[in-house]
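Here is the structure we will look at, set down as structure tokens.
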Amino acid sequence: MNITKRPVSLIFAALVFSYANVASAYAQSDEELDARIRAVSESLIREVLQEKNDKILTLETKIKTLEQQLAALKQEQRQEQVQGQSQQKIDTNDSIATANTSDIAPTFTAPTAVITPPENELGLAGFYDFAALSKNVNQRHFEFGGLELGLEYIYSDHLAANAALVWDGDTADVGVAVIDYYWFDDNIPTRGRIFNDPGFHIQLGRFDLPFGIDYQYFASPDRIAYSAPLTTERIQQGGFGGDGLRSYGSWGDVNYAVFWTNSVFEDDGDSIGGRLGLVFGRTPFLLHSQSNSRLEIGASALLDSDGEGHRRNEVFALDLNAEYEQWQLKGEVMWRNEFTGYVDDFDNLFAPRDESAFYIMIAKGFTTWSDMPLTSYVRFDRWLPDYHFNGDDDGMIYRVNPIKRLSMGISMQMHDNVVVKFDYFDTLGSNTDEPDFLTNLGALQLVVLY
């Protein structure tokens with residue numbers, strides 16, 4: 001019995017011992033396995049993280065490259081825009097100079113509004129002029145006419161503002177400054193030919209009055225001659241302009257302008273008026289050949305009243321402008337009725353200054369052997385006052401007489417931005433006793449556009 005049980009016990013003990021060894025071995029294998037798993041996991045994680053970092057670095061490099069390319073593209077576009085604006089300015093100044101030397105192109109644009117900038121950008125242009133004179137009221141032979149800077153800013157498709165700042169060598173002034181609400185037209189000239197394109201404008205500010213025809217040529221680059229006609233010098237006292245409200249537009253063969261401003265004659269009161277024009281031959285044609293032919297006639301009226309609404313002055317004008325190829329015929333007649341006498345600062349009483357004036361001018365454009373555009377002109381003026389005495393700011397009383405004047409000259413485009421004018425006028429024996437009156441004058445004027 002005991003002998004039989006001992007082997008069983010021994011066998012059981014051996015099995016227990018073997019199990020313990022196997023369990024210990026398995027325990028050691030699990031620890032090693034865990035360690036290996038951790039090592040493999042850490043290795044895989046490091047590889048994944050390294051791969052991710054490499055991808056991030058690659059993406060950052062690509063982003064920097066794209067940013068550099070985008071910056072280079074923007075810089076290239078900016079340079080192209082600047083070059084485009086510069087070329088636009090050159091091209092426009094070319095057209096200005098050409099128009100100034102011929103003054104017969106129907107599509108002329110005034111120099112102080114020659115650049116139409118993109119929306120929300122400022123456009124700049126301008127000019128200055130200098131003259132050498134055969135004689136001068138101040139006994140000097142040279143005259144700086146002035147420097148003008150034109151500004152234009154487009155706010156939106158229907159709203160813009162422009163201005164012309166003028167410096168005459170001694171003082172600075174605002175020649176024109178308007179805010180413009182417009183339809184059907186993006187041509188917003190500061191001054192000059194305002195009816196280039198069909199459209200409708202309402203403007204508030206300071207502006208030249210569209211009265212007669214010579215308002216288109218107040219700025220020296222716009223005018224063929226050095227001197228203005230007597231209708232502008234005498235009746236308009238240098239050119240009508242005022243602060244107020246105006247509207248103008250052009251459709252088909254009709255154009256109009258109406259205005260309401262401060263008085264153009266006195267420090268107090270108001271002026272109200274306008275101009276109506278009819279155009280024939282706007283589309284250039286002549287039988288089977290192309291030709292620049294155009295005829296415009298206009299009628300203007302202005303009523304000036306004092307601060308209490310009493311009528312003080314009325315002015316009327318008729319104008320004509322005919323263009324055929326390189327020929328131009330233009331002129332205007334103007335008359336003024338004054339309803340009150342004139343009292344100067346020294347209490348001198350003068351009769352009402354009723355007066356009339358007219359001029360007619362013929363111009364012809366040429367192209368010289370050097371392809372330099374040239375325009376010659378002849379103009380005859382006549383001023384007829386219905387009063388006999390006037391006074392100046394120093395209290396001097398002088399006699400006035402009718403004046404007739406013959407002017408002639410040429411205008412040459414010497415460079416894309418330079419115009420030279422030779423001008424001479426003579427009063428043909430007519431004279432007046434007013435101070436500083438010149439019976440004849442020779443002038444050489446240089447106009448520089450920029």
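The values are calculated or read from the model by the stated rules, or taken from the named source; none is laboratory data. Predicted model only: the values in this text are computed from it and were never measured. Please note: Cβ atoms are built from the backbone with ideal geometry, for glycine as well, and neighbour counts cover all protein chains shown. When the accessible area is computed, the model is the full protein with side chains, heavy atoms only, and any ligands, DNA or RNA have been set aside. Shrake-Rupley method; radii C 1.70, N 1.55, O 1.52, S 1.80 Å.
For labels at Leu278 and Ala72 in the simple 7 Å Cα→Cβ model, what's the distance in nm?
For the pair Leu278/Ala72, the computed spacing is 6.5 nm.
What is the percent carbon and sulfur in the accessible area of region 121-449, measuring with a 1.4 Å probe over the protein chains and ignoring ligands?
60 percent
Quick one: grab the alpha carbon gyration tensor of region 208-263, order the square roots of its eigenvalues as a ≥ b ≥ c, and give me rounded if a/c is under 1.5, else prolate or oblate depending on whether a/b is larger than b/c.
Here region 208-263 falls in the oblate category.
Less than 15 Å from a label point 7 Å out along the Cα-to-Cβ axis of Glu308: which backbone N atoms in region 339-356 qualify, by residue?
340-341
What FRET efficiency do you get for Asn431 and Val258 if R0 is 35 Å and r is their Cβ-Cβ distance, rounded to the nearest 0.05?
Taking R0 as 35 Å, the efficiency between Asn431 and Val258 is 0.35.
Please give the FRET efficiency for His415 paired with Asp394, using the beta carbon to beta carbon distance and R0 = 60 Å, rounded to the nearest 0.05.
Once rounded, the FRET efficiency stands at 0.90.
Per 5 Å bin, what is the whole-percent P(r) computed from every C-alpha pair distance within region 138-203?
Binned Cα distances yield the sequence 4, 16, 22, 19, 12, 9, 8, 5, 3, 2, 0.
Compute the convex hull volume of the Cα atoms of region 393-434, divide it by the residue count, and report the result per residue in Å³ as a whole number.
Roughly 100 Å³ of hull volume per residue.
Mind computing the radius of gyration and Dmax over the alpha-carbon atoms of region 121-449? Å is fine for both.
When restricted to the Cα atoms of region 121-449, Rg and Dmax are 20.3, 67 Å.
Just to be sure I understand the model, the point goes 7 Å from the Cα along the line to the Cβ. What's the resulting His141 to Tyr324 distance in nm?
Result: 4.3 nm between the two label points.
Provide the gained length on full extension for the span Ile297 to Ile179, in nm with one decimal, where the gain is 0.36 nm per separating residue minus the Cα-Cα distance.
Length difference between fully extended and current span is 39.6 nm.
Per 5 Å bin, what is the whole-percent P(r) computed from every C-alpha pair distance within region 295-421?
Using 5 Å bins, I get a P(r) of 2, 9, 13, 14, 14, 13, 11, 9, 8, 5, 2, 1, 0 for region 295-421.
Find the accessible area per residue for region 121-449; the probe is 1.4 Å, ligands and nucleic acids are left out, and the unit is Å².
Per residue, region 121-449 has 46 Å² of solvent-accessible surface.
Assuming 0.36 nm per residue, please report the length gained on full extension of the stretch Asp197 to Ala172 beyond their Cα-Cα distance.
Stretched fully, the Asp197-Ala172 segment lengthens by 5.8 nm.
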